[in-house]
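Here's the structure, in structure tokens; my notes come after.
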Amino acid sequence: MKHQPFEFLKKYSVRPVKHLGQNFLIDGNVIQNIVDGFNPGEGETVVEVGPGLGALTQLMLERGARVLGVEKDPKLRAVLEKELAVYGDRFRLIGDDILDLDFAKTFRQKKVRVIGNLPYYLTSPLIFQLIEERKNVDSAVLMVQKEVADRILALPGTEDYGRLTVAVRFFADVKRLMNVSRKSFFPPPKIESSVILLEFRPESEIKKAEVDPEFFLEVVKIAFSQRRKNLVNCLHHAQLVFLNKEGLGGLLGQVGIEPDKRGEELFLKDFIAICRKLQELVKAKPKC
Ligand code: SAM
């Protein structure tokens with residue numbers, strides 16, 4: 001079956017809703033390339049965030065996948081239910097906010113793959129949700145703003161390198177699959193997009209870092225809380241551990257990091273080493 005997003009727009013008088021980030025994919029080649037990159041297996045259950053008018057959904061269903069779509073807009077849900085009924089129970093819809101989906105409850109011991117052409121406002125909250133739900137998420141192929149992809153993939157010392165880069169890369173391997181022009185959407189968004197692949201590390205690998213994941217995220221947040229300040233000053237300001245600036249400088253020295261370094265100059269492995277040291281102090285702190 002040929003996909004006809006434009007036809008559906010006309011047939012159902014759909015007016016794209018701005019606050020739900022409705023920029024529908026209309027370029028057949030891009031749709032094909034994304035689904036090729038995702039490569040859904042026959043009979044595999046995949047979760048699609050915001051199927052919209054079903055551009056990606058339909059192609060995945062044609063290839064034999066089972067799709068669980070999570071779509072917030074009731075008008076679009078009605079279109080999808082009607083147009084994709086031919087796929088029977090291989091297509092299921094949840095009328096909900098994706099951020100309310102409890103992956104552990106829904107999928108229990110199973111790991112699923114996630115796909116979505118995301119509304120911009122959802123990008124960071126969804127990525128952090130997937131990090132939290134990583135025990136049930138194998139990988140995700142996501143269309144995001146190009147600038148967000150640049151930030152996640154940035155190298156230390158560059159302007160784009162920040163909290164998002166370090167936080168995401170601790171939990172996942174990330175690749176950019178393609179850049180996508182504004183012209184591939186209706187209505188065209190203001191900025192360019194990229195499709196990224198996030199492959200979540202197995203829990204056993206995360207454990208090898210010997211760092212509590214919540215604590216890691218907290219330290220990374222602190223490190224980038226004031227970009228112009230060095231790490232010692234940020235940590236001192238946050239009062240995460242009971243050390244003065246000299247003590248904090250000494251602690252960084254123990255893992256081979258100069259005390260005047262800023263968060264944006266540190267590699268992922270540096271953050272892990274610093275967290276291990278800080279964690280020891282937090283654990284050793286006497287309880288009142
Ligand atoms: N997948 C379609 C495509 O590629 O043409 C539509 C993508 S459009 C950029 C984003 C879709 O996400 C819209 O259908 C919108 O209604 C839906 N959406 C927005 N916020 C959502 C949320 N919090 N939870 C679930 N779906 C949401």
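Please state which one of V17, V70 is out of contact with any helix residue (DSSP H, G or I) (no Cβ under 8 Å at 6 or more places or on another chain), open to solvent by less than 50 Å² (accessible area, probe 1.4 Å) and within 8 Å of the ligand (Cβ to nearest atom).
V17
If only one of K229, K261 is in a loop (DSSP other than H, G, I, E, B) and open to solvent by 70 Å² or more (accessible area, probe 1.4 Å), which one is it?
Being in a loop (DSSP other than H, G, I, E, B) and open to solvent by 70 Å² or more (accessible area, probe 1.4 Å) holds for just one of K229, K261, which is K229.
Yes/no matrix, rows are residues, columns are (1) within 14 Å of the ligand (Cβ to nearest atom); (2) open to solvent by 10 Å² or more (accessible area, probe 1.4 Å):
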{"site": "L25", "(1), (2)": "yes, no"}
{"site": "V79", "(1), (2)": "yes, no"}
{"site": "Y87", "(1), (2)": "no, yes"}
{"site": "G95", "(1), (2)": "yes, yes"}
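Checking M178 against (1) under 30 Å from G52 (Cα atoms); (2) open to solvent by 70 Å² or more (accessible area, probe 1.4 Å); (3) not hydroxyl-bearing (S, T, Y), only one condition comes out false. Which one?
(2)
Select from the stretch 238-247 the residues that are under 29 Å from the mean Cα position of the chain (by Cα) and open to solvent by 40 Å² or more (accessible area, probe 1.4 Å) and list them in ascending order.
Scanning the stretch 238-247 gives a single hit, A238.
Is it true that A65 is over 20 Å from L122 (Cβ atoms), more than 9 Å from the ligand (Cβ to nearest atom) and touching a Pro at 6+ places or on another chain (Cβ under 7 Å)?
So A65 fits the description; yes.
Evaluate the following for L252: is it buried (at least 16 other Cβ atoms within 10 Å of the Cβ) and assigned by TED's automatic domain parsing to the domain that holds I131?
Spelling it out, it is not the case that L252 is buried (at least 16 other Cβ atoms within 10 Å of the Cβ) and assigned by TED's automatic domain parsing to the domain that holds I131.
Filter the stretch 149-160 for residues that are open to solvent by 10 Å² or more (accessible area, probe 1.4 Å) and either hydroxyl-bearing (S, T, Y) or not in a loop (DSSP other than H, G, I, E, B) (or both) and give the result.
D150, R151, T158
Select from the stretch 191-222 the residues that are of a type in the set (F, W, Y) and over 30 Å from L25 (Cβ atoms) and list them in ascending order.
F215, F216
With the structure loaded, tell me whether G41 is more than 10 Å from the ligand (Cβ to nearest atom) and in contact (Cβ under 8 Å) with a residue 12 or more places away in the chain or whether it fails that test.
For G41, the condition - more than 10 Å from the ligand (Cβ to nearest atom) and in contact (Cβ under 8 Å) with a residue 12 or more places away in the chain - is met.
Answer yes or no as to whether S184 is of a type outside the set (V, I, T) and open to solvent by 50 Å² or more (accessible area, probe 1.4 Å).
Considered against the rule, which asks whether it is of a type outside the set (V, I, T) and open to solvent by 50 Å² or more (accessible area, probe 1.4 Å), S184 comes out as no.
May I ask you to list the residues in the stretch 169-196 that are in contact (Cβ under 8 Å) with a residue 40 or more places away in the chain, over 27 Å from K18 (Cβ atoms) and among the aliphatic types (A, V, I, L, M)?
A172, the sole residue that qualifies.
What pairs can you find where one residue is in the stretch 62-75 and in contact (Cβ under 8 Å) with a residue 60 or more places away in the chain, the other is part of a loop (DSSP other than H, G, I, E, B) and near the ligand (Cβ under 9 Å from one of its atoms), and their Cβ atoms are less than 9 Å apart, with a gap of 6+ or different chains?
Partner pairs satisfying both residue conditions: K75/V17.
The values are calculated or read from the model by the stated rules, or taken from the named source; none is laboratory data. Predicted model only: the values in this text are computed from it and were never measured. Note that we place each Cβ from the backbone using ideal geometry, even for glycine, and neighbour counts take in every protein chain shown. Accessible surface areas use protein heavy atoms only, side chains included; no ligands, DNA or RNA. Shrake-Rupley method; radii C 1.70, N 1.55, O 1.52, S 1.80 Å.
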